[in-house]
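Have a look at the structure below, then the notes.
Throughout, read-outs are computed from the coordinates displayed, never taken from laboratory work. The shown structure was predicted, so the numbers you read here are calculated from the model rather than taken from an experiment. Counting neighbours? That spans all protein chains shown, and the Cβs are built from the backbone with ideal geometry, glycine included.
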Amino acid sequence: MYKIKFKNGTENDFETLVGADLRRANLRVADLERANLSGANLSGADLSGADLRGADLSGANLYGADLRVADLRVADLSRANLYGADLSGANLSGANLYGADLRGANLRYANLRVADLSGADLEYCKGILRLNLGKHELIQYKDRIRIGCQDHTIEHWLSHVKTIGKENGYLAEEIKRHQFAIESISKGLL
């Protein structure tokens with residue numbers, strides 16, 4: 001049994017959170033580790049600082065939700081609606097964001113290390129830079145850059161871009177484009 005408090009002060013009990021209507025719920029610093037919230041409507045909910053490690057949020061509606069500093073390590077957010085959500089400072093390490101709608105989301109200072117962003121809509125996201133330079137998209141967040149499945153610090157890329165490119169079958173021209181982009185990012189030009 002889950003007791004959920006809403007922003008208007010009311011409280012409701014829930015047997016299950018799958019598909020639950022939790023719009024504008026106050027779940028600040030809630031312990032929802034491994035909770036099944038698949039298909040739940042959490043639009044406008046306050047989940048700031050919540051422990052959502054390993055939680056199933058697949059297909060959930062998190063439109064405009066506050067997820068600042070939430071722990072979402074290895075959470076399943078596949079096909080979730082995170083349009084306009086605030087994920088600043090959130091830990092999304094290893095999270096599945098396949099096909100998620102992240103348009104307009106705030107990802108400043110979020111940890112996206114090893115997160116699956118394939119098929120995610122990152123249009124107008126704050127805190128990340130996306131460049132389509134050929135075979136794989138370049139995504140820069142915090143002090144890291146991901147190209148394809150390679151995720152390294154900017155310094156590492158500066159030293160190893162040619163080697164990594166060759167090992168992954170990039171053409172010389174593609175390696176030059178990536179090298180130029182990485183150097184521009186390191187100098188603050190992009």
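Summary of values
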{"quantity": "Euclidean distance between Cα centres, the range 45-81 to the range 1-24, Å", "calculated": "15"}
{"quantity": "Pairs of lysine residues in the chain - Cα separation under 16 Å, sequence separation of 8 or more or cross-chain", "calculated": "7"}
{"quantity": "On Cα atoms only, tilt of 172-186 relative to the major axis of the chain in degrees", "calculated": "60"}
{"quantity": "Sorted peptide list for 133-146, 1-14, criterion being average Cβ within 10 angstrom, highest first", "calculated": "133-146, 1-14"}
{"quantity": "Normalised contact order of the range 49-171, rounded percent, pairs of Cα under 8 Å and 6 or more residues apart", "calculated": "15"}
{"quantity": "Ratio of Rg to Rh over the chain (Cα coordinates, Kirkwood Rh, two decimals)", "calculated": "1.06"}
{"quantity": "Under 15 Å, Cβ to Cβ, from L171 - net charge with Lys/Arg +1 and Asp/Glu -1", "calculated": "+2"}
{"quantity": "Theoretical FRET efficiency, 1/(1+(r/R0)^6), r = Cβ-Cβ of R177 and V114, R0 25 Å, to 0.05", "calculated": "0.55"}
{"quantity": "Simple spin-label estimate for R28 and T10 in nanometres, 7 Å along Cα-Cβ", "calculated": "2.1"}
{"quantity": "Rounded to 5, percent antiparallel among DSSP beta bridges of the range 1-47", "calculated": "75"}
{"quantity": "Acute angle (nearest 10 degrees) that the helix 154-167 long axis makes with the longest principal axis of the chain, alpha-carbon atoms", "calculated": "70"}
